[in-house]
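**Student:** A single structure is presented below for examination.
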2 protein chains.
Amino acid sequence: MSANGFKAVSENFSHNVQQNPYGPNPADFLSNVSNFQLIESTLREGEQFANAFFDTETKIKIAKALDDFGVDYIELTSPVASEQSRKDCEAICKLGLKAKILTHIRCHMDDARVAVETGVDGVDVVIGTSQFLRQYSHGKDMNYIAQSAIEVIEFVKSKGIEIRFSSEDSFRSDLVDLLNIYRTVDKIGVNRVGIADTVGCANPRQVYELVRTLKSVVNCDIECHFHNDTGCAIANAYTALEGGARLIDVSVLGIGERNGITPLGGLMARMIAADRDYVLSKYKVHKIRDLENLIAEAVQVNIPFNNPITGFCAFTHKAGIHAKAILANPSTYEILSPSDFGLTRYIHFANRLTGWNAIKSRVDQLNLHLTDAQCKEVTEKIKKLGDVRQLNIDDVDSIIKEFHSDLTTPLVKPTSSGLPKVPHVLEGLDESEEKRSKLD
Amino acid sequence: MSANGFKAVSENFSHNVQQNPYGPNPADFLSNVSNFQLIESTLREGEQFANAFFDTETKIKIAKALDDFGVDYIELTSPVASEQSRKDCEAICKLGLKAKILTHIRCHMDDARVAVETGVDGVDVVIGTSQFLRQYSHGKDMNYIAQSAIEVIEFVKSKGIEIRFSSEDSFRSDLVDLLNIYRTVDKIGVNRVGIADTVGCANPRQVYELVRTLKSVVNCDIECHFHNDTGCAIANAYTALEGGARLIDVSVLGIGERNGITPLGGLMARMIAADRDYVLSKYKVHKIRDLENLIAEAVQVNIPFNNPITGFCAFTHKAGIHAKAILANPSTYEILSPSDFGLTRYIHFANRLTGWNAIKSRVDQLNLHLTDAQCKEVTEKIKKLGDVRQLNIDDVDSIIKEFHSDLTTPLVKPTSSGLPKVPHVLEGLDESEEKRSKLD
């Protein structure tokens, strides 16, 4: 066990649980950071994304890809949303996937009756509990909500399938109201209760407090759903697991209402930093890129340039001091290992921020031989050109080769055909000792 | 004061501080959520972004735009990175901006001597303190680090300008080593000490604990710098402020090494949800879009589709039950008000998830008159077509108009020129009572 708080990350990325810096927190026995499940909602929350229109074929392709990735649950749009939504729900239930299939409905018997006939493994029920939603959405009071909930829950349970009860806009709901209704539905025997940050207002410590309190009130599992309006959806999910929640709602690239929810890929990045062994034992994380490309194409968006893991520069190192240390040991500046995701790192050396260590390793790649002092000298030349304009790799290679040829054959310029063949970029360095010592 | 924990968000978005659900936390007297400052690092951390090459003219344009926005500090690339970097630093110092100008250097007298001659208002010094960096980067021990720090700090102070001392990779550094060096530099009289999550491994509760502990050890301000590899950079920044940090490093769109750091816009979203009055009193948040466009163009990236505030769908509401409540009161599903950012909300009604409330408000916009029952009927027709293919607004309008004309003049089709002029989309609803009651 290499995890010991402040020095939590082992060099080979093995089982590096992130703990509090000051040793075990008395509350951390509740943590499910190493025991969580995913409710994948690209086919429900994701359908609420502005650009989303999934035809049946696309839905089935997505469901199969999610199942292959290893998600625990797949959540589908309510079968009462439209006739095709109902048919698609039935079709996906018949695929025989390993993942359990859920559908997401309002807390109403009309919806529940349709849902249980689709063949789903479970039903996710939601109702607004905040003053806002009670006033401007359904207009019902807490007694009415409780009675509807009991009726729907007992009906779904009588069909022998799973049932989750969730409040909506939980972080703007009255705490006592919330705990009351959660305790009530827990006693009837729901499989899960859900907390939903429907508007994206929650912050991590608030999440931790609410989850921990709820954990002391109910016996069933706790599921959490976080919108990303203020950019905290991944952190809130992580903190919810620390507080004792067991299941997190995600969607591929986070697509959903407004700017969406906790993204699958981003949460995987977070969880791998906490417990790589657990994540890799359950989920095929090397398929994240394909999954994201599938969804990005279906909803016509680009992968964000700054996406965790798959953003084009997520494993690109540029500043000289970063490059130097990365070449010596990638763990110095990487909490995630690109090879886990079928990706490679890239040392960006063609710029004015470069350092001589990066240039020296490029010299080695070019099969040229320069002393450290000579590498420093040629680095200065590269920085000088980098001050004038954006550089590419050919620029750097030309400077290095010219410098080298000036040293070795000062009066005869080599022909370009006489230059050694070189790899295009300084990429794909692995962490093997052999290679590393070569680069040191 | 409308803030009362769980029901923290007032309807008119005024001063809605997010607190813990269970009343004041004993530690929250340390919170700087309503008293924070921004160190804007697009021209330092941002230069380390893979695509970044800022020429002098662009740097000056960016610096002026940041100053106009209201950032407290602007941090620039080290003047020893390249000759032009030094000249640009001097040029920006001479602009006479309201923001204080900083440059960021290694903890070394060679760098410090150059830095203090540029005309900056302060110097940010950094040195790696983790085992990784001590082994693979500079190779120095903690005694050496302390002695270098003392020499550099006393030298910079002797020039009468601000000095910050930061560790690097703080969350993988030994806690006792960290507290020791921070106490040492605090006693010499640094203006700030910095905590840096250089690899993006930190999580919010860990951040809170470290900041709070450090707060009990030093008297100076605490600055925090968070990378976003695991998607927690905004949440970590917020939690750091809760723990007593005062300054957060940001860059526009978060650009920086790898997938970057806490983004300026995303942090503004988070802070407005916590204390809108404070944020609006200090920063011109309606300029976020222009700032982001300026940087996106300079580094040749697209604004991420899911960006907080400025993502193309950040204020787009689609699901029927969402649209219904948003039309009644935008606060039901919005923690941020689009008008604060010079933006408008959009109700996406041309899809199979639509509800009759959204369609009814479209009918009203078209100046047609249908009863609720008729609106429900036409909604079913729209959902049916939405099951077959992706809809656009013209599709919906055609269905509504045809339905309406069938009702009113069943035997005579109206000519298209006879149709009322309609706004292109159902957007830009403001929160005025007048408009809202019209839409109810």
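What follows is calculated from the coordinates using simple rules that are stated; it is not laboratory data. Computed from a prediction, not measured in an experiment: that's the story for all the values here. Note that we place each Cβ from the backbone using ideal geometry, even for glycine, and neighbour counts take in every protein chain shown.
**Student:** Arrange the following residues from fewest to most other Cβ atoms within 10 Å of their Cβ: B:Thr354, B:Thr184, B:Thr371.
**Tutor:** B:Thr371, B:Thr184, B:Thr354
**Student:** Here's a follow-up. So if R0 is 30 Å, what FRET efficiency would B:Asp174 and B:Phe29 give, r being the distance between their Cβ atoms, rounded to the nearest 0.05?
**Tutor:** Calculated value: 0.55.
**Student:** Positive end of the charge dipole of the protein assembly as shown (Lys, Arg +1 and Asp, Glu -1 on Cβ, about the Cα centre): tell me which of A:Val250, B:Ile393, A:Ile161 has its Cα farthest that way.
**Tutor:** Farthest towards the positive pole: B:Ile393.
**Student:** Between B:Asp277 and A:Gln365, how many nm apart are label points set 7 Å from Cα along the C-beta direction?
**Tutor:** Rounded to a tenth, the inter-label distance reads 5.6 nm.
**Student:** A follow-up question, please. Starting from a Cα-only point model with no solvent, please compute log10 I(q)/I(0) by Debye for the range B:101-260 at q = 0.13 1/Å.
**Tutor:** Debye intensities relative to I(0), on a log10 scale: -0.56.
**Student:** Count the lysine pairs in the range A:265-416 that are 8 or more places apart or on different chains: how many have C-alpha atoms under 26 angstrom apart?
**Tutor:** For the range A:265-416, the number of qualifying lysine pairs is 28.
**Student:** Counting pairs of Cα atoms in the range B:316-408, how many percent are more than 16 Å apart?
**Tutor:** 53 percent
**Student:** What is the P(r) of the protein assembly as shown, as percent of Cα-Cα pairs per 20 Å bin from 0?
**Tutor:** Histogram of Cα-Cα distances, whole percents per bin: 15, 46, 30, 9, 1.
**Student:** Another one. Over the Cα atoms, compute the radius of gyration (one decimal) and Dmax (the largest Cα-Cα distance, rounded to a whole number) for chain A, in Å.
**Tutor:** Reported Rg and Dmax, both Å: 26.7, 93.
**Student:** Now, a different point. Out of B:Ile188, B:Ile261, B:Ile127, any idea which swings most in a Gaussian network model of chain B, alpha carbons joined below 10 Å?
**Tutor:** Between B:Ile188, B:Ile261, B:Ile127, it is B:Ile188 that shows the largest mean-square fluctuation.
**Student:** Would you kindly work out, in nm and rounded to one decimal, the distances from the label point of A:Asn293 to those of the same position in each other copy, ordered shortest first, with label points 7 Å along Cα-to-Cβ?
**Tutor:** Label-point distances to the other copies, shortest first: 3.3 nm.
**Student:** Between B:Ser405 and A:Phe155, with labels modelled 7 Å along Cα→Cβ, what's the label distance in nm to one decimal, could you check?
**Tutor:** 4.1 nm
**Student:** Next question, about the same structure. Taking the highest mean first, how do the peptides A:360-368, B:205-213 order by number of other beta carbon atoms within 10 angstrom per residue?
**Tutor:** Highest-to-lowest ranking by the protection proxy: B:205-213, A:360-368.
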